[in-house]
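Scroll down for the structure; my scribbles are underneath it.
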Amino acid sequence: MAEIEEAIEGIEEAIEGAEEGIEELPEEIQEEIEAEVAEARTEVAEFSKVAETLKTFLKFVTTSIPKVVAFVGKNVAIGAILWGVNVSLNKLLPHQSSEAKQKRAAIKALSSVIKTETDLSKKALDWMKEHKDDMITLAGFEVPLESVIAKYLIPISEAVDSAYDIAKKLKDKLDGSTYYNIPTGGDMRDFLAAGDAFLKGFSDLDEFIAKNLGKIPQLATFPVKQGDIDDLTTQLKVAKDLPLW
């Protein structure tokens, strides 16, 4: 996934930049920065795994699966860019300032939302792959089962596309080096709007499944359950309740 891979390159540069000159800072601040850098490195490794996993779904070109993969990949790239911003905050703002702590908390809360969205999407994609050859009769027409699932998820792409366009502007290059800008409060609200789109897509799909289990027994094995949707709802609320400067 080109979007994710490009975003990962930016984080790696940001990590290197965050570590520069920290030996001149008080020991307590050094330890905090080192912990943040270690966390960012863990996230980079996870983003790389997700990118490789998503690539495996692209070969199913006769299905709706690649369309879902496309916006899931962009959403993961948004999360990667936000990690780049988070690591760069040490250079953009005084490390222990209330402003830096506020922004870091909001960005991490949003990153948690995106991670949950990614996990739910991967579950859905695995199931769609498993049932890619299943045909069902719906409203008198024979249709691929995976396309019914995609019908509820693909509308998420519009909000993700808008959020991704914003996220790309947070990362730029100057004299060959990557640098990050701090998102505005409006940017953060747009990122959260993509979260609302995920929530609506999966909620509407869950409602469809509940109504059609009797007619489409395969839906009983769909892995995204109400509890997963409740978790996403809670994480979104936590992120929205934080001050967005």
**Residue count, the range 46-80 (criterion: closer than 15 Å to I156 by Cα and touching a residue at least 12 places away in the same chain (Cβ under 8 Å))** = 13
**Prompt:** What are the residues in the range 207-245 that are part of a helix (DSSP H, G or I), basic (K, R) and either in contact (Cβ under 8 Å) with a residue 60 or more places away in the chain or in contact with a helix residue (DSSP H, G or I) (Cβ under 8 Å, 6 or more places away or on another chain) (or both), if any?
**Reply:** K240
**Matching residues, the range 125-143, being in contact (Cβ under 8 Å) with a residue 40 or more places away in the chain, hydrophobic (A, V, I, L, M, F, W, C) and not in a strand (DSSP E or B)** = L125, W127, M128
**Message:** Which of the numbered conditions does E146 fail, given that it passes all the others? Conditions: (1) charged (D, E, K, R); (2) buried (at least 18 other Cβ atoms within 10 Å of the Cβ); (3) part of a loop (DSSP other than H, G, I, E, B).
**Reply:** (3)
**Asked** Given the conditions (1) over 23 Å from the mean Cα position of the chain (by Cα); (2) closer than 17 Å to T221 by Cβ, which single one is not true for G140?
**Response** (2)
**Complete:** In the range 94-103, residues that are surrounded by fewer than 23 Cβ atoms within 10 Å (Cβ to Cβ) and touching a residue at least 40 places away in the same chain (Cβ under 8 Å) total 4
**Asked** Inside the range 14-36, can you point out the residues that are closer than 16 Å to Y179 by Cα and either of a type outside the set (D, E, K, R) or touching a Lys or Arg at 6+ places or on another chain (Cβ under 6 Å) (or both)?
**Response** A14, I15, G17, A18
**Request:** Could you tell me whether T62 is β-branched (V, I, T) and either closer than 28 Å to L232 by Cβ or surrounded by 15 or more Cβ atoms within 10 Å (Cβ to Cβ) (or both)?
**Result:** no
**Message:** Exactly one of these conditions fails for L192: (1) without any contact (Cβ under 8 Å) to a residue 24 or more places away in the chain; (2) of a type outside the set (F, W, Y); (3) closer than 22 Å to A167 by Cβ. Give me its number.
**Reply:** (1)
**Request:** Working carefully through the options K115, K108, K122, find the one that is without any contact (Cβ under 8 Å) to a residue 24 or more places away in the chain, charged (D, E, K, R) and part of a helix (DSSP H, G or I).
**Result:** K108
**Complete:** So, first residue within 15 Å of G84 (Cβ to Cβ) in the range 11-30, second residue part of a helix (DSSP H, G or I) and among the polar types (S, T, N, Q), Cβ within less than 8 Å, six or more apart or across chains; the pairs are A14/S88; G17/S88; A18/S88; A18/N90
**Request:** Within the range 149-187, count every residue that is assigned to a loop (DSSP other than H, G, I, E, B) and under 30 Å from A220 (Cβ atoms).
**Result:** 2
**Request:** Please enumerate the residues belonging to the range 151-179 that are crowded, with 20+ Cβ neighbours inside 10 Å and either among the basic types (K, R) or free of Cβ contacts under 8 Å to residues at least 40 places away in the same chain (or both).
**Result:** A159, K171
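Every number in this text was worked out from the coordinates using simple rules, so none of it is lab data. Fair warning: this is a prediction, and the values are worked out from it, not measured in the lab. A quick note on method: Cβ atoms are made from the backbone with ideal geometry, for glycine too, and the neighbour counts reach across all protein chains shown.
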